[in-house]
Amino acid sequence: MDYDRLDREQYLQLFKMLRYSMLPILHDLTTEQLERVGVYADAQRFTFKELLEFRVEHIRGHLNQIERVKKDFNDKRV
């Protein structure tokens, strides 16, 4: 997908902007709203809070992966 040709800084800023733009919305959710149940794409049922926690952990996993790749890349350069 030619990721090496992308403007990484631009995509990092977009990522941050999208995440930060959600903070006021998430902070204002009521307990009732957090406990609403929905069906995810694989037909598994989640409360909104559970789905949010799942997605946050998913993103953290990607951030950890990026750090590992950066470290491996820098170790190979030395």
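The values are calculated or read from the model by the stated rules, or taken from the named source; none is laboratory data. Small disclaimer: the values here were computed from a predicted structure and weren't measured. Heads up, the Cβs are rebuilt from the backbone with ideal geometry, glycines too, and the neighbour counts pull from every protein chain shown.
Can you pull out every residue in region 4-33 that is more than 18 Å from the chain's Cα centre (by Cα) and outside any loop (DSSP other than H, G, I, E, B)? Spell out how you get there, then give the answer.
Of region 4-33, the ones more than 18 Å from the chain's Cα centre (by Cα) are 4-7, 28-33.
Answer for region 4-33, where residues must be more than 18 Å from the chain's Cα centre (by Cα) and outside any loop (DSSP other than H, G, I, E, B): D4, R5, T31, E32, Q33.
Please name all residue pairs, on different chains or six or more residues apart, with Cβ atoms under 9 Å, provided the first residue is in region 34-50 and is more than 20 Å from L23 (Cα to Cα) and the second residue is part of a loop (DSSP other than H, G, I, E, B).
Final answer for the pair search is F46/Y40.
Take the residues in region 10-66 that are of a type in the set (S, T, Y) and touching a helix residue (DSSP H, G or I) at 6+ places or on another chain (Cβ under 8 Å), then tell me which one is modelled with the lowest pLDDT.
Looking at residues that are of a type in the set (S, T, Y) and touching a helix residue (DSSP H, G or I) at 6+ places or on another chain (Cβ under 8 Å), I get Y40.
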